[in-house]
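Data first, discussion second: the structure below is written as structure tokens.
Nothing in this text is a laboratory measurement; each read-out follows from the coordinates by a stated rule. Since this is a predicted model, take the numbers as computed values, not measurements. Cβ sites come from the backbone with ideal geometry, for glycine too, and all protein chains shown count toward neighbours.
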Amino acid sequence: MPGRFDGPPRAAAPLPPALPAPQRGWLPLPRLTLRTQYPLGLFSTWAYAHPDLRALVYPRPDDAPLPAPQVVAAHGGVAHSGPGNDDFHGLRSYHAGDPLRHIAWKAAAHSQVLLTKVFSGDGAAELWFDYDALPAALGREARLSRLARWVLLADAAGAAYGLRLPDRTIEPATGASQRERCLRALALYEGR
């Protein structure tokens, strides 16, 4: 789809990202035609640019609301198999996106390895987004769109969430790296 972008004279200007993406996955950048009529507009000069770049297109999120945690404890609260904020549970290796306040700095000083403190209790809920738990009637692309929406909503809420696809599992975590990891897995999913 052709587009025209005018830049100011003698200045750099970024191109707006107005490239249509017909499907999710890797999208190569098309050939660009660069043209100028600088300095007086009497002559036109042009050149083709073939950038060796590509963009990863995520699934288009649908409009489904975020699901509630699915496992209920015996006392009526939410059961947690992972992090919380109440009681110290132990240490585990650091994952990108872990809160800095949960890093065990003293242990890291002794072992030269970053470790994260794990807490248990009812302080924080974990969400699992499971491809196979969605209705099969939705189809592959609709399921991926629903999961992309849930990942974005959970990330915006700061909730810990994990993703289960038929070919891989991404353990619950928070932060931008978790969001990117999950969206990348959804964009590149090729299964049923």
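Tabulated data
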quantity	calculated
Residue 12/residue 188 FRET efficiency (R0 25 Å; Cβ-Cβ; nearest 0.05)	0.15
Residues residue 167 and residue 108, FRET efficiency given R0 of 22 Å [Cβ-Cβ distance, rounded to 0.05]	0.05
Long-range amide H partners of residue 64 with built H, under 5 Å	none
Order of 29, 183 - criterion: other Cβ atoms within 10 Å of each residue's Cβ, fewest first	29, 183
Fully extended contour minus Cα-Cα distance, from residue 36 to residue 50, at 0.36 nm per residue	3.3 nm
Amide proton proximity set for residue 55, modelled H, under 5 Å, gap of 5+	27, 29
Kirkwood Rh in Å, taken over region 129-170 so that all alpha-carbon pairs contribute	10.7 Å
In nm, spacing of pseudo-spin labels at residue 152 and residue 177 (7 Å Cα→C-beta vector)	2.4 nm
Neighbourhood charge, 14 Å Cβ-Cβ cut-off, centred on residue 62 and excluding it, Lys, Arg +1 and Asp, Glu -1	+4
Förster radius 41 Å - calculated FRET efficiency between residue 100 and residue 21, Cβ distance, rounded to 0.05	0.70
